[in-house]
Structures are given as C-alpha cells and as structure tokens.
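Report on one structure; see the data block that follows.
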Amino acid sequence: MKQKTVAYYTLGCKLNYAETDAIARTMESHGYTRVKFSEKAHYYIINTCSVTEVANKKSRYMIRKVYTRSPNATIIIVGCYAQLKPHEISSIAGVSLVLGATDKFNIPAKIAEYEAAGSPQLVSSCEISEVSLFQSSYSLEERTRSFLKVQDGCDYNCSYCTIPKARGASRNARINDIVTQAQEIAAAGVKEIVLTGINIGDFGKSTGESFLQLLKKLDTVSGIERIRISSIEPNLLTTDIISFVAQSRACMPHFHIPLQAGSNVVLALMRRRYTTELFQSKISEIVNIIPHAAIGVDVIVGTPGETEELFQESYSFIQSLPISYLHVFTYSERENTDALHIKPRIAPHIRHVRSVLMHELSDKLHALYVRKFNNTVRPVLFESKQKNGMYSGYTDNYIKVAAHMAKTVQNTIVPVILQCTEKEVIGKEI
C-alpha cells in the first residue's frame, strides 16, 4: 500500500494545538504518516483561527502557500475559520475539504468520502447548535509540555466575540477521563500539563463536576510534575481555587486572567461579567495568598466605545496592578457581533497607538516582576538547548531562564539562582 503522508499547521490558541495533535493521532491510526509541514505531503491539514481578521488572513496565506508549493496535494481546512466561513474558504484555490466542528475529528472518513466521489471539493459545514459532544484532545509534539483540553465552547455572549458561534455551548469531559489522559501524557515522559479550553472556569457544567475537583484529581497523577491553568475568568476564579494552588503539589503559582478593559464603562459595553473592582480584588487575593505568583492579564484595545478618556482610565488601572505581563490584542471587527453597532468606532491608527502603549506597559510590568526574584532560587523546567549552547526553560512562576549547564537537563526540573539583567534572566547552577 502506498504511504500516505500528512502535514499539519496550527494557528491560534493552545486549544487548537491540542486538537491538531489529537487529529494527527487519529490519522496515524488510519495509516497516515506524519511529516513536517515544510516537507512535501499528500495531505495538508490546516487548523485555523478566526479570533481576528489578522487570523483569517494568516489562514488564507498558509492555504495559498501550500497550494503554490504542492498544487497536487489534498488541502484540508478545519478550525474556527472553517466553522464560521466555510464557503469563503472553499473559494480559495487549492482547497479540497472544508470541515466544520462536527467533522474535524472525523477526517479519515471525510477523505474517503471525498476520494470516492471524485469531486473537486467537499464542504462539510454544520450549524454550531448541532455541536454537543465533547472531543478529547491533548498534544504530545513538545517533549516537556502538553496542552490538555478539558473544556470547550462558551455560554457567554461578549459583544465583540464570535467564539460561541465557532465553538458552541460550554461542555467538558468527565474528570475520570481527563485523569486517564493525564496518565497517558505522563507515560510519554511529559512533565508539564497546561489545562486548556475556551472558558475552563466553567468546567463541570455538562457533567455536574467542578474545576476545583478536577485540579485536586490531577494533582495526584504520578509523573506529572507541573500543572498550569491556561486562562480563567476572574468571576470564576474562586478563593478555594487560589488556596488550593497555593498548597498544591503540582499546580504552578501562575494565573492568566482576562481583563480586556480597565474601565467599567467599556466592560459593560463588552458585556463582561465582572467589574474592575472585582478584578482588583482577585489580584489582591492572589498576591496575599501566593506572593510569588505570576499573573498574566489579557487586554483588548480599541473596542467600540473606548474613547481616549476611557483608554487612559484602563491604562492607569492596569498600571496600578501588581501583575507580571500583558497579552495585548487589538480590536478587530467580527461579523454578526453586537460591537459593530457601538459608537464611537476607533480608527485603526489609534488602535495601533494604544496597542504600542500597552505593549510598552507590559514590558515595564514584566521587568518589575522579574526584578523581585533577582538572586533567589527557583525551580526551572528546562525545555530545549539553544544554538548558543544554553538551555532555556521556565520557573514555576513563569520566568523564562537561560542557563549554561554542566550536563544535559532537557525535560528536567533543576533549582537555579536567578540573575536578572536588562535583557534576560540567567540561571546559575547551585
């Protein structure tokens, strides 16, 4: 039988990376051989993102790039862009299959259907309301870290967001099934799990369980030495969760919390489910219970209604918080969202200026955070060896470290003394 090779490319969030690896394992079980995306392949699977128009453009660019390089290959498009705009994607030259949310984990069967029909294209879209099953996924491509999907979908209805239309209602796997997957990850030699989802604090809605119960069970999995929470809404981050992380064996002192705007007026326009006062109280609670914790924050600039005065209010609020870094997003118009009807609209060049200012603030906040740990000892999980001969990895509280080590330390946790410079953090062996 002729070897069938397949290459993968993933855009967007950690959840997409977990799902791509799950798709790859399914393909391998059906006789397909995985090759690097840079290599020639019979099939290319592109897992797309559609959180912004930039994400859509990146997806279209990759499709055209693959088609130019391998015009005879079968190009298969899955992911949020495929769910939201299947017919837009199908109009791009070279696209063979476009699969919506119900079929992206059933690619071998769809390939067989496509090839049996001998048609130039197969578009298998669906109404997102039809998507109810939870599809388990985890990644194993990295040797030190795995993205483990524990939840999917979102029941929130933020005015700027299309994710519920692309992912469907909130749903999750059962804790026992997730624990089994964590054990499989540990058996593969992976030390760190990152729990991923769309709204993971909502975990348990479809199974009658809770996110705290999940953390407690995963904390007992032998071989998993680190557990990180990818992102959790401030209104769902309970005192009990924070307290458990503080005394947990494996849960890292690291929280990533979406703020999106540091103005109650803008938060209301966004239809977020908290206020700046609640957000500030959560940050204070983390700092009081786990003083060394890393706290990352998402913020969106340039959303409709964000006047200059409200942006300055947001900037000042974020500047006042004892956080570690920002993930800054520039607002992008999304079809069929209520934000399109909110005034005033912010000009693209003003959005860009605000993005630059927030990125600069992030650099300042991160420098202040890192400096607190100068000449202290922190455990580092070393991930890779760089071209300069140094190993790189992250501390428990998410500080990136580079170190010259006397022996091979990849996928090993080693305590080092942190020496902070203006450009990087160097780890010194004890």
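What follows draws every value from the coordinates through simple rules; no lab data is involved. Everything numeric here is computed off the predicted structure, so don't read it as measured data. Please note: Cβ atoms are built from the backbone with ideal geometry, for glycine as well, and neighbour counts cover all protein chains shown.
If each DSSP helix of 4+ residues adds -39,500 (n - 2.57) and the sum is divided by the residues in the chain, what number results at 222 nm, nearest 500 deg cm²/dmol?
It comes out at -10500 deg cm²/dmol, rounded to the nearest 500.
Relative contact order, percent, of the chain when contacts are C-alpha pairs under 8 Å separated by at least 6 residues?
Relative contact order comes out at 10 percent.
Hey, what's the per residue convex hull volume over the C-alpha atoms of segment 136-236, in cubic angstrom?
98 Å³
For q = 0.09 Å⁻¹, what log10 I(q)/I(0) does segment 283-430 give under the Debye formula with an equal point scatterer on each alpha carbon and no solvent?
Each listed q corresponds, in turn, to -0.40.
Roughly how compact is segment 145-371, stated as its Cα Rg over 2.2 N^0.38 Å to two decimals?
Normalised Cα radius of gyration, segment 145-371: 1.05.
Determine the distance separating the Cα centre of segment 362-404 from the Cα centre of segment 20-82; give it in Å without decimals.
33 Å
In square nanometres and to one decimal, what's the mean projected area of the convex hull around the Cα atoms of segment 377-429?
One quarter of the hull surface, i.e. the mean projection, equals 3.3 nm².
I'd like the trypsin sites (Lys or Arg not before Pro) in segment 383-430 restricted to DSSP loop residues with at most 14 other Cβ atoms within 10 Å, sorted by number.
Answer by residue number: 387, 407, 423.
Any number yet on Rg/Rh for segment 4-126, C-alpha, Kirkwood?
0.91
Take the Cα of residue 219, step 7 Å along the line toward its Cβ, and report every residue of segment 246-270 whose backbone nitrogen sits under 17 Å from that point.
Zone members listed by number: 246-255.
Please sort by residue number the GluC sites (Glu not before Pro) in segment 11-77 whose DSSP state is loop and whose Cβ has at most 11 other Cβ atoms within 10 Å.
Passing both the DSSP loop test and the Cβ count: 39.
Rank by packing, highest mean first: peptides 325-333, 111-119, 347-355, with packing defined as the count of other Cβ atoms within 10 Å averaged across residues.
Top to bottom by mean Cβ count within 10 Å: 325-333, 347-355, 111-119.
Quick one: which residues, 5 or more positions from residue 300 or on another chain, have an amide H under 5 Å from its amide H? H modelled 1.01 Å from N in the peptide plane, none for Pro or chain starts.
Here the answer is 260, 261, 329, since their amide H atoms fall under 5 Å of that of residue 300.
Would you kindly work out the equivalent ellipsoid of the chain from its C-alpha gyration tensor and give its semi-axes, the square roots of five times the eigenvalues, largest first in whole Å?
34, 29, 22
Could you identify which residue out of 386, 213, 183 has the top mean-square fluctuation in a GNM of the chain using Cα springs shorter than 10 Å?
In the Gaussian network model the winner is 386.
Among 138, 9, which comes first, then next, by fewest other beta-carbon atoms within 10 Å?
Ascending Cβ contact count within 10 Å gives the list 9, 138.
Connecting C-alpha atoms closer than 10 Å in a GNM of the chain, tell me which of 383, 142, 192 has the biggest fluctuation.
The residue with the greatest mean-square fluctuation here is 142.
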